[in-house]
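Right, one structure below, let's go through it.
Only the coordinates and a few stated rules stand behind these numbers; no lab work does. All of these numbers come straight from a predicted model, not from anything done at the bench. All Cβ positions, even for glycine, are placed from backbone atoms using ideal geometry, and neighbour counts span all protein chains on display.
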Amino acid sequence: MKAKPTKAKKKGGRDKWNTTAQFVITCIGSSIGLGNIYKFPYLTQKHGGVNFIVTYLIALMTVGIPMLILELTLGQKMQKGSAGALRGITPRLGGIGWASSFTAFITALVYVIFLSIACIYLVTNGSQPWAIEWEDRPIGCKTAHTAPTTGSEIFLYMQITKYFSPQTCEPFEYGNEEFIFGGELFGAVVIIWLLCFACICKGIKGYQWITVVTVPLPFLLLFACMAYYIPLNNANVAEGEATGSDFYWGTEGFPLIAPDQYGGIYYDPAAVADKRFSDAVNHAFFSVGVCVGVMYAYGSFQPIKAPVIRNAFVIAFTDFIFSILAGFVAWSVIGFL
């Protein structure tokens, strides 16, 4: 009786990315996140718009992309994750790999909580459940002392995270008040972790197909938001008001929001010019996704002789372009408001 032919194992006994495109798309998905949507627009306003964009581009070319090339190269060469790849150079470097992986784990913990809160907002009844009217506020939030507390704060800290006490409308004083368990948030966190497990339980074999679907979604949402919000950018021009793009590029000073709280002085980019480059380098590390062990792991599933430099430039500049476009969306809305 003839023996059934066995399927040949891939080189090194490890699964590989089916195509380079799937690998690049997954790396882009790892790079794009809150840093692009929230932090980048904030830093452009902090440092004067174009001034920061040029500085960030320099930081990306001198620090971000070289570090990305290094991590992808080591992952491909050693065919191991961060700890194994660095230990392959010398055993003493293994601790750096474990430290970077631990940093990624801490980041994952924070992101899961953010996603859980977003899921609760998504399924909560009403289009704006956080818009709590004065008569609907808890008794403890109707005093003169707690009147400045906004409805959105009450909704988040009292109803979602259970951080505020209903009696005082302020953070719990543990030991003096009875602790309230945030059951909804806990359940959402469990669901998100289960979804994460379902995505990675089969390793790279299943994960690469999931990212092909999930990574393009932020781009589709971004373009939809651009089509809807950017026309609002010029809505107030007839009234002589500055547009959001003026704030974004730094050609117009950010308007006063609460003069009584901030002393009547808006944030001046000139006052923080000495921190511009350090902020740009910090954001380059955070946004591209280096030094957290992820790129080592993704690179380890690439063929050893796969191109690295081209992939690194595609990943970094796609992330950069997404940040620029997200800035237009954010500042168009702010300018309109």
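Quick look at the numbers
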item	result
Amide H within-cut-off set for residue 164, under 5 Å, with H built and near neighbours excluded	158
Potential lengthening between residue 114 and residue 70 on full extension [0.36 nm per residue; Cα-Cα distance subtracted]	12.8 nm
Residue among 279, 319, 136 with the largest mean-square fluctuation in a Gaussian network model of the chain, springs linking Cα atoms under 10 Å	136
Relative contact order (percent, whole number), the chain, Cα cutoff 8 Å, 6+ residue spacing	41 percent
Rounded FRET efficiency, nearest 0.05, which uses the C-beta distance separating residue 277 from residue 333 and R0 of 35 Å	0.75
Spin-label pair residue 124/residue 50, simplified geometry with 7 Å Cα→Cβ offset, distance in nm	4.1 nm
Highest-first arrangement of 30-42, 137-149, where packing means the average Cβ count within 10 Å	30-42, 137-149
FRET efficiency, 1/(1 + (r/R0)^6) with R0 25 Å, evaluated for residue 304 and residue 34 via beta carbons	0.15
Ascending count of other beta-carbon atoms within 10 Å, so fewest first, for 276, 310	310, 276
Spin-label pair residue 170/residue 93, simplified geometry with 7 Å Cα→Cβ offset, distance in nm	5.3 nm
The chain: Cys lacking any partner C-beta under 4.7 angstrom	27, 119, 196, 199, 201, 225, 291
Within region 14-336: Cβ-based charge dipole about Cα centre, in debye rounded to nearest 20 (Lys, Arg +1; Asp, Glu -1)	2140 debye
Correct option for Cα extents along the principal axes in Å [calculated from the coordinates] among [x] 85, 50, 41; [y] 80, 51, 38; [z] 66, 57, 38	[x]
Residues in region 307-331 reached by a label modelled at residue 223 [backbone nitrogen below 20 Å; 7 Å Cα→Cβ]	314-330
Gaussian network model of the chain, springs between alpha carbon atoms under 10 Å - residue of 126, 97, 81 with greatest fluctuation	126
